[in-house]
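The values are calculated or read from the model by the stated rules, or taken from the named source; none is laboratory data. Bear in mind that the values here come from a model prediction, so they are computed numbers and not experimental data. Note: ideal-geometry Cβ built from the backbone for every residue, glycine included; neighbour counts use all protein chains shown. When the accessible area is computed, the model is the full protein with side chains, heavy atoms only, and any ligands, DNA or RNA have been set aside. Shrake-Rupley method; radii C 1.70, N 1.55, O 1.52, S 1.80 Å.
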Amino acid sequence: MRVRVSAIALALLLAVTACSAGSTASVGGGPDTLAVGFAAEPQNFDFTRTDGAAIPQALLYNVYEGLVKLDADGRIVPLLAQSWTLSPDRLAYDFQLRPGVKFSNGAPFTADDVRFSLERVKTGWTVSLKSKMDVVDHVEVVDPLHARVVLKKPSNGWLFDLTGRVGAMFSPTGVADLANAPIGTGPYLVASRRRGDSIVLQQNPAYWGPKPAYRTVVLKYIKDPTALNNALLSNGIDVVSTITAPDSIPQFEADNRFTVLQGTTNSEVVLSFNNARPPLDDRRVRQALTLAIDRKALLATAWAGRGTLIGSMVPPTDPWYEDLSGYYPHDPARAKALLAEAGQTNLVLRLRIPNLSYAVNAAQVVASELADIGVRVNIEPLDFPAVWLKQVFNGHDYDMSIVQHVEARDIATFGNPQYYWGYDNPRVRQLLAAADAGTAQEQVDDMKQVAETITADAAADWLFLFPNVVVAKKKVTGLARNQVGESFDLTGLGRA
């Protein structure tokens, strides 16, 4: 797939793509080209109809922009909106838009596009995230550079949600083929794709803001952790977006050619339970499975002890965090007693996981420790993202799974009974609604109750919070230490 670029740019892109064909071949292209390695490849380019983190990781802020974005410290800052105000009743947001902004197909960006984009979340999106726009009553076009969004009720979370993919701005003339031809206002265009290998981004010559430091960025997809690391060591890439083989980190730390940044993420690694399917619809069974797993030992095996132990779907960077990691101490004897109480003997469960290293490593520990309490686990690796998304996430065909949940503040998914873990608790839904509509302090108090409730219910087993470990050549500057949003934001990168 290609979008329109100049003949010169196209020739350059063909050369870059050819140079990047092998996972350890040098990318080439000189100082204006950057190659970034990733483990998980987007299934397509349409995050309005396809779930998974890989699409917004590549496209959000780089190709698509929203009215606002998250900065490196997790603060909401202006992007396509220069400024905004909130009415005293907390129902109306007035956004003043930047003048002179155009989509990459040449269409001007105006308040009409704000209305089109936000309304289209309700009418055209199919992924579960579309529910984040349910609170919107209507969007008004006050003038071409002034959009007013009126909510049905006050919402603490709505503006924050706009920093993610549901806030991306689209043109009515640019949505005909989102899976293959993304049209945004961002600093980069999608110039080409080699499925199973790479995506090439090219600088958008009509971009309204500062030009990015790199004219061409090759997003290189390498599933195997060793091959991904070797690509950096052999000059095939310039950056590993996040290390997937933790045992290799000391090697990079000892090599003065590289910068190693370690921070935190929103990425909870979750042992998911299918709460809607027997025997996992029995809280005692879920509690038993949770008590059987030594999460500290699992972290040591799955991620060399790097990461943070958590006890609920809340990272320490959220305002309502409290340490619940000790709620279920490792207690195999108590686990066996709960299984006996639930009448479950000779239990056999399917653990269907993405074929990614952290999930495979963690699954081995889970299977071993559940065997100690008499539960046999059949591990089934599935191709990620396509097969896992289809069968587990969308089809709900699983007993247990292990996957990173990377979206910010995604604890709200436990208020959706249709979400893939099938958790249905009216009290949690009530608390989530009250938290969103209340004062800032009420939001914190209610969200803490949500976290405590789902933990007590053992709605899932939160294994650990994934660390953000980025390794790059010394020449690459501006990399964020913490991963606070969905995007691998290329706009802040520089050159030493």
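Structure data summary
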{"quantity": "Rounded to 5, the percent of DSSP beta bridges in the chain classed as antiparallel", "calculated": "75"}
{"quantity": "Length released on extending from residue 247 to residue 394, taking residue separation times 0.36 nm less the Cα-Cα span", "calculated": "49.6 nm"}
{"quantity": "Nitroxide proxy distance, nm - points 7 Å out along Cα→Cβ at residue 439 and residue 49", "calculated": "4.7"}
{"quantity": "Amide N of the range 456-470 lying under 18 Å from the label point, which is placed 7 angstrom from the Cα of residue 309 along Cα→Cβ", "calculated": "456, 458, 460-467"}
{"quantity": "Cα-Cα separations in the range 305-432 greater than 23 Å, expressed as whole percent", "calculated": "45"}
{"quantity": "Neighbour net charge for residue 87 - beta-carbon separation under 12 angstrom, K R +1, D E -1", "calculated": "0"}
{"quantity": "Dipole of the chain, positive direction: furthest Cα of 103, 159, 68, with charges on the beta-carbon", "calculated": "103"}
{"quantity": "Segment residue 177-residue 386, extension gain: residue separation times 0.36 nm, minus the distance between their alpha carbons", "calculated": "73.3 nm"}
{"quantity": "Local net charge near residue 76, Cβ-Cβ under 11 Å (Lys/Arg +1, Asp/Glu -1)", "calculated": "-1"}
{"quantity": "Among (i) 97, 54, 46; (ii) 69, 58, 35; (iii) 163, 62, 39, the entry that matches Cα extents along the principal axes in Å as calculated here", "calculated": "(ii)"}
{"quantity": "Per-pair calculated FRET efficiency, R0 = 56 Å: residue 153 and residue 337 via Cβ, rounded to 0.05", "calculated": "0.80"}
{"quantity": "Subset of 132/390; 296/336; 69/223 violating a 26 Å alpha-carbon distance limit", "calculated": "69/223"}
{"quantity": "Magnitude of the charge dipole, the chain, Cβ model with Lys/Arg +1 and Asp/Glu -1, debye to 20", "calculated": "1240"}
{"quantity": "Heavy-atom surface of the range 186-301, accessible at 1.4 Å and reported per residue (Å²)", "calculated": "34"}
{"quantity": "1.4 Å probe accessible area per residue over the range 354-397, in Å²", "calculated": "42"}
{"quantity": "Cα-projected label distance for residue 350 with residue 143, points at 7 Å along beta-carbon direction, nm", "calculated": "6.0"}
{"quantity": "Alpha carbon centroid spacing (whole Å) that separates the range 118-188 from the range 319-351", "calculated": "41"}
{"quantity": "Rounded to the nearest 10 Å², the accessible area of residue 85 at probe 1.4 Å", "calculated": "90"}
{"quantity": "Per residue solvent-accessible surface (Å²) - the range 129-168, probe of 1.4 Å", "calculated": "36"}
{"quantity": "The chain: calculated mean residue ellipticity at 222 nm from DSSP helix runs of at least 4, using -39500 (n - 2.57)", "calculated": "-7500 deg cm²/dmol"}
{"quantity": "With every protein chain in place, the chain: carbon and sulfur % of accessible area (1.4 Å)", "calculated": "51"}
{"quantity": "Positive-end residue of 400, 259, 307, charge dipole of the chain with Cβ unit charges", "calculated": "259"}
{"quantity": "Sequence of 421, 208 when ordered by accessible area, the most exposed leading, probe 1.4 angstrom", "calculated": "208, 421"}
{"quantity": "Residue 321 - accessible surface, heavy atoms, 1.4 Å probe, Å² rounded to 10", "calculated": "70"}
{"quantity": "Simple spin-label estimate for residue 378 and residue 327 in nanometres, 7 Å along Cα-Cβ", "calculated": "3.1"}
{"quantity": "Neighbourhood net charge (13 Å Cβ-Cβ; Lys/Arg +1, Asp/Glu -1) for residue 307", "calculated": "+2"}
{"quantity": "Hz values of 3J(HN,Hα) by residue in the range 158-166 - Karplus curve (6.51, -1.76, 1.60), Gly and Pro given as x", "calculated": "5, 5, 4, 4, 5, 6, x, 5, 5"}
{"quantity": "Centroid-to-centroid separation of the range 434-448 and the range 85-105 [C-alpha atoms, Å]", "calculated": "26"}
